[in-house]
Amino acid sequence: MKYRRLIALLLVMSMLLSMLTISISAASMKASDSLVQFIKNCEGFTKYKQWDYSHWSIGYGTQCDADDYPNGITEDEADALLRRALSKSEGAVDDFVSKNGLQPSQQQYDCMVSITYGLGTEWMLSKYQLPRLLINGCTELELLNSLGSWVSAGGETLNGLIYRRMRETYIYFHGEYNSTGNIAKDVPYACIKFDPAGGTVSTKRLYTFRDQPYGQNQTLPVPTRSGYTFAGWFDSNGNQITDDTVAKTTLTSVTARWKTGVELDWVFNDVNSGHWFYHDVKKAKELKIFEGYTDGSFRPDESITRAMFIQVIYRAAGAPKTDAEEPFTDVNSGTWYYDAVRWAYGRGIVKGVSEDRFAPEQIITREQMATMLFNYCASIGQTDKDQYASIDSFADAKDVSDFAREPMQWVVGVGLIQGVGNNRLAPKQVATRSQGAAIMVRMTALIQKNIA
């Protein structure tokens, strides 16, 4: 009987000693100097208080009241403030690890202190996934995707907070405290942000490792939108991003595209199925004779320059190589339109606005456009005098320049250029990108019909 009591007493003492050891271990830990410097680098120093979305802060991001520090603070004072604030975060983390029987390493402890300093203690609530992962153990990407969901301030997602969560995850798993201005050098992660463009999506961000497919560890979400069918995720350059796309950059933003029936609702973010030029712009893109801008737009109402339009004709011709020389002093080697102008001059498609000037940035007029089209089609044997139409019935026929009269008769006769209303040709009117796309699509169809 005595032995049983003795064994029971020893077991109780062992349990108490174990709990005491854990408590002492947690209570004895402090944020490392490496973490202090990490936070300083992330926050940056501000001498005077500033409104930080939902509160005032000063120094290295330490919260303060609106009436505090009217004369600002020094870096030493900011350091002291930061360390006092970190001591409160340490106390909250000590309670968390003790309550859950954890024995974190210094880097894990630092990560939790950093999270608490930035987010407060709300992340510790059991309704969230993050504390469960820290308690039960997790993979690097599991923690990154959970911690990486805490990146909003004032209702706005901040890229800086995305980078902060990436760095904290890297501290937790690798003990690396880098927080330089180059996030790609600090961590090997990639984040993709989703804009459902009028729809809803289950997650706004996914994280993975750079140089791995986005879908290697999880599939990209499929958004929903009433009355529409999802057509894919596209980046700002118009490239479709799928599960198989390899993450090459630290942060990528993608936007959902939708289709109604069998047609895409939009081709570029400013060209949708409600526009008169929708089919022409879509076809011009498919033919690779017109391109959009890096922000995903087409800018249909933007005027076309002479360089732009000759480049479009050059693409329609298949961008042939040329050894032709041109006399223009305002067309320099290395410009994006250089080969197109050389080719066009060599084929007699353009002559310039003078003997030595092409005026590449000059906005093109309808009659100049007609002349280039006529000269190109003539160079490939696709013009016929039987196709000419009289333009004398147009109220402004007298405004057509002599050099453009024959070309204008031909383009009107074959339907490439039509009147603009009120019985006017508007030969001196400038052309827009949407008009240019429509004309080029008609020209391509005309050539194909003649060849057939």
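Look through the stretch 118-153, keep the residues that are among the hydroxyl-bearing types (Ser, Thr, Tyr) and out of contact with any strand residue (DSSP E or B) (no Cβ under 9 Å at 6 or more places or on another chain), and return whichever of them is surrounded by the most Cβ atoms within 10 Å (Cβ to Cβ).
So the first thing to find is which residues in the stretch 118-153 are among the hydroxyl-bearing types (Ser, Thr, Tyr), and the list is 121, 126, 128, 139, 146, 149, 152.
Narrowing further to those that are out of contact with any strand residue (DSSP E or B) (no Cβ under 9 Å at 6 or more places or on another chain): 121, 126, 128, 139, 146, 152.
Details: THR121: 15, SER126: 8, TYR128: 14, THR139: 11, SER146: 21, SER152: 12.
Among those residues, the one meeting the criterion is SER146.
I'd like the residue in the stretch 338-375 that is of a type in the set (Asp, Glu) and farther than 26 Å from GLN418 by Cβ and, out of all such residues, is most open to solvent (accessible area, probe 1.4 Å). Outline the logic, then answer.
To start, the set of residues in the stretch 338-375 that are of a type in the set (Asp, Glu) comprises 339, 355-356, 361, 367.
From what's left, farther than 26 Å from GLN418 by Cβ: 339, 355-356, 361.
Details: ASP339: 72, GLU355: 166, ASP356: 70, GLU361: 119 Å².
Of everything passing the filter in the stretch 338-375, GLU355 is most open to solvent (accessible area, probe 1.4 Å).
Quickly run through the stretch 154-183 and pick out the residues that are under 20 Å from the mean Cα position of the chain (by Cα) and surrounded by 15 or more Cβ atoms within 10 Å (Cβ to Cβ).
Result: LEU161, ILE162, TYR163, ARG164, ARG165, MET166, ILE183.
Inspect the stretch 84-94 for any residue being farther than 28 Å from LYS49 by Cβ and touching a Ser or Thr at 6+ places or on another chain (Cβ under 9 Å) and give the result as yes or no. Spell out how you get there, then give the answer.
Taking the stretch 84-94 as the starting set, the residues that turn out to be farther than 28 Å from LYS49 by Cβ are 94.
Restricting the remaining residues to those that are touching a Ser or Thr at 6+ places or on another chain (Cβ under 9 Å) gives 94.
Yes: the stretch 84-94 contains one or more residues that are farther than 28 Å from LYS49 by Cβ and touching a Ser or Thr at 6+ places or on another chain (Cβ under 9 Å).
With the structure loaded, tell me whether VAL246 is more than 27 Å from GLU156 (Cα to Cα), of a type in the set (A, V, I, L, M), in contact (Cβ under 8 Å) with a residue 12 or more places away in the chain and surrounded by 15 or more Cβ atoms within 10 Å (Cβ to Cβ) or whether it fails that test. It would help to see each step written out before you state the result.
Numbers: more than 27 Å from GLU156 (Cα to Cα): yes; of a type in the set (A, V, I, L, M): yes; in contact (Cβ under 8 Å) with a residue 12 or more places away in the chain: yes; surrounded by 15 or more Cβ atoms within 10 Å (Cβ to Cβ): no.
So VAL246 fails the test.
Looking at the stretch 167-175, can you tell me whether even one residue there is among the basic types (Lys, Arg) and part of a loop (DSSP other than H, G, I, E, B)? Reasoning before the result, please.
First, pick out the residues of the stretch 167-175 that are among the basic types (Lys, Arg): 167.
With part of a loop (DSSP other than H, G, I, E, B) added as a condition, the list becomes none.
So far as the stretch 167-175 goes, no, none of its residues is among the basic types (Lys, Arg) and part of a loop (DSSP other than H, G, I, E, B).
Which pairs do you get when a residue that is hydrophobic (A, V, I, L, M, F, W, C), found in the stretch 349-362, comes within reach of a residue that is crowded, with 16+ Cβ neighbours inside 10 Å and modelled with pLDDT under 90, reach meaning Cβ atoms under 8 angstrom, with the pair 6+ apart or on two chains?
PHE358/GLU326; PHE358/GLY352; ALA359/GLY352
Just give me the residues in the stretch 287-319 being open to solvent by 40 Å² or more (accessible area, probe 1.4 Å), more than 20 Å from ARG366 (Cβ to Cβ) and not hydrophobic (A, V, I, L, M, F, W, C), in sequence order.
Answer for the stretch 287-319, where residues must be open to solvent by 40 Å² or more (accessible area, probe 1.4 Å), more than 20 Å from ARG366 (Cβ to Cβ) and not hydrophobic (A, V, I, L, M, F, W, C): LYS288, GLU291, TYR293, THR294, ASP295, ARG315, GLY318.
Would you confirm, using the coordinates I've provided, whether SER253 is among the hydroxyl-bearing types (Ser, Thr, Tyr), assigned to a loop (DSSP other than H, G, I, E, B) and under 23 Å from LYS285 (Cβ atoms)? Outline the logic, then answer.
Details: among the hydroxyl-bearing types (Ser, Thr, Tyr): yes; assigned to a loop (DSSP other than H, G, I, E, B): no; under 23 Å from LYS285 (Cβ atoms): yes.
Taking the combined requirement at face value, the residue does not satisfy it.
Restricted to the stretch 376-412, and to residues that are in a loop (DSSP other than H, G, I, E, B) and of a type in the set (D, E, K, R), which residue is least open to solvent (accessible area, probe 1.4 Å)? Walk me through it before giving the result.
Of all residues in the stretch 376-412, those in a loop (DSSP other than H, G, I, E, B) come to 380-384, 388-396, 400-401.
Checking which are of a type in the set (D, E, K, R) leaves us with 384, 392, 396.
On the way: ASP384: 71, ASP392: 103, ASP396: 11 Å².
Applying the filter and picking the extreme gives ASP396.
The values are calculated or read from the model by the stated rules, or taken from the named source; none is laboratory data. On a predicted model such as this, the values are computed, not experimentally measured, just so you know. A quick note on method: Cβ atoms are made from the backbone with ideal geometry, for glycine too, and the neighbour counts reach across all protein chains shown. What goes into the accessible areas is simple: the full protein's heavy atoms, side chains included, and nothing from ligands, DNA or RNA. Shrake-Rupley method; radii C 1.70, N 1.55, O 1.52, S 1.80 Å.
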